[in-house]
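What follows is calculated from the coordinates using simple rules that are stated; it is not laboratory data. A quick note: this is a predicted structure, and the numbers were derived from the prediction, not measured.
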Amino acid sequence: MDAFNGLNRWHEWEQLFPLCSLFVLARSGENVNCDVATEIDLLNRKVDSAESLLRREAGSVFVAEEFNYELSSTIVRSKLSQGEDLSQELNEKVYSYIKKHNLYH
């Protein structure tokens, strides 16, 4: 949700919607920023299920509410850059990929 709520500040963000749809994970208590919702025309882009998102052409948005994974990407990047071991917190394949490609150092 953090990245999505800043979407309207990305360089040429409008170019995303002709190319893909977005699956947004919202942790408990997080809401879509009203300015972003208005600017990207979320009312007309939002679908009510992941299945609907997959059946549509590019340009749709599905917001998965109540995503209960507390470890944000910001925290992951910060901890890994400090050399912390997150092998128990992350999916094994994700952790292996991060280590193999030397990400977040």
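Taking θ as phi - 60°, what are the ³J(HN,Hα) couplings along segment 2-16 by the Karplus curve (6.51, -1.76, 1.60), each to the nearest whole Hz, with x for Gly and Pro?
4, 5, 4, 5, x, 3, 6, 9, 6, 5, 6, 4, 4, 6, 5
Using only helices, what value at 222 nm comes out for the chain when you add -39,500 (n - 2.57) per DSSP H run of length 4 or more and divide by the total residues, to the nearest 500 deg cm²/dmol?
Estimated from H runs of four or more residues: -8500 deg cm²/dmol.
From Cα pairs below 8 angstrom and at least 6 apart in sequence, can you work out the relative contact order of the chain, rounded to a whole percent?
Computed over the chain, the figure is 27 percent.
Mind grabbing the base-10 log of I(q)/I(0) for the chain at q = 0.12, 0.16, 0.17, 0.21 Å⁻¹? Debye formula, identical points on the C-alpha positions, no solvent, two decimal places.
One equal scatterer on each Cα of the chain leads to -0.52, -0.86, -0.93, -1.13.
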